[in-house]
1. Reachable aspartates and glutamates from LYS34, Cα under 13 Å, same-chain residues fewer than 8 places away excluded?
2. Convert each backbone phi in segment 72-87 into a coupling constant with the Karplus relation 6.51 cos²θ - 1.76 cosθ + 1.60 (shift: θ = phi - 60°), then list the ³J(HN,Hα) values in order as whole Hz, x for Gly and Pro.
3. For the chain, with all protein chains present and a 1.4 Å probe, just round the carbon and sulfur fraction of the accessible area to a whole percent.
4. What does the charge add up to near LEU96, with Lys and Arg as +1, Asp and Glu as -1, over the other residues with Cβ less than 13 Å from its Cβ?
5. Long-range amide H contacts for ALA116: which residues qualify at under 5 Å (H placed 1.01 Å from N, peptide plane, sequence gap of 5 or more or a different chain)?
6. For Rg and Dmax of the Cα atoms in Å, several values are listed as [x] 14.2, 52; [y] 14.6, 47; [z] 23.0, 73; flag the one computed from this structure.
7. With the other protein chains left in place, how much accessible area per residue, in square angstrom, belongs to the chain at a 1.4 angstrom probe?
8. Place a +1 charge on the Cβ of each Lys and Arg in the chain and a -1 charge on the Cβ of each Asp and Glu, then give the dipole magnitude about the Cα centre in debye, rounded to the nearest 20.
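The values are calculated or read from the model by the stated rules, or taken from the named source; none is laboratory data. Keep in mind that this is a model prediction, so the values were computed, not measured. So basically every Cβ, Gly included, is an ideal-geometry build from the backbone, and we count neighbours across all protein chains shown. Please note that ligands, DNA and RNA were not included when accessible areas were found on the heavy atoms of the full protein model with its side chains. Shrake-Rupley method; radii C 1.70, N 1.55, O 1.52, S 1.80 Å.
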Amino acid sequence: MSVGLSFKDSPREVVRMKNTSGAGVVAGDLCVLKAVAAGDEITTTTTGGDNQLLRGGGFMAVETIANDAYGRFLRKGFTKVLKVNGTTDIAIGDRLTSFTTAGVAKKAAIGDPYFATALEAYATDDSSGVIDAILLEPGA
């Protein structure tokens, strides 16, 4: 008898990065790699479909992290706390990209870089959604 595995059982990659976004971040906030020589800094973005997702991927804070402090960020794997905007309805299986509100993801349009797949739907026209998702290798 074989035992099936789910996304919840998939390996998670959590990395220690420095938040230099100019403000604190909390669990569920989407961040992107900051273009600095150190290579260990993240920032938030207010660019919908930010191409920075292709350069470094998405990083989701897994704890409260003050500005200029190091903390843990989910790079790949399952989460239950990704913040999303539902103005464009999100369905299970949709690819996700960055939204114009800092720290929030949205449904990716054709051609948008993506960093995650929605495992839960969200269709409310606000940026208050929190969904299950799996972060993966970025793509376009």
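1. Leaving aside aspartates and glutamates fewer than 8 places away in the same chain, those within reach of LYS34 are ASP50, ASP68.
2. 9, 10, 7, 9, 8, x, 7, 9, 10, 10, 6, 7, 9, 10, x, 4
3. Working: 3530 of 6840 Å².
The value for the chain is 52 percent carbon and sulfur by accessible area.
4. Values: positive: LYS83, ARG95, LYS106, LYS107; negative: ASP50, ASP89, ASP94, ASP112, GLU120, ASP132.
Charge balance in the 13 Å sphere: -2.
5. Amide H to amide H, under 5 Å and 5 or more residues apart or across chains, ALA116 pairs with LEU96, LEU136.
6. Read-out from the structure maps to [x].
7. Values: 6840 Å² over 140 residues.
Normalised by residue count, the accessible surface of the chain is 49 Å².
8. Computed about the Cα centre, the dipole is about 320 debye.
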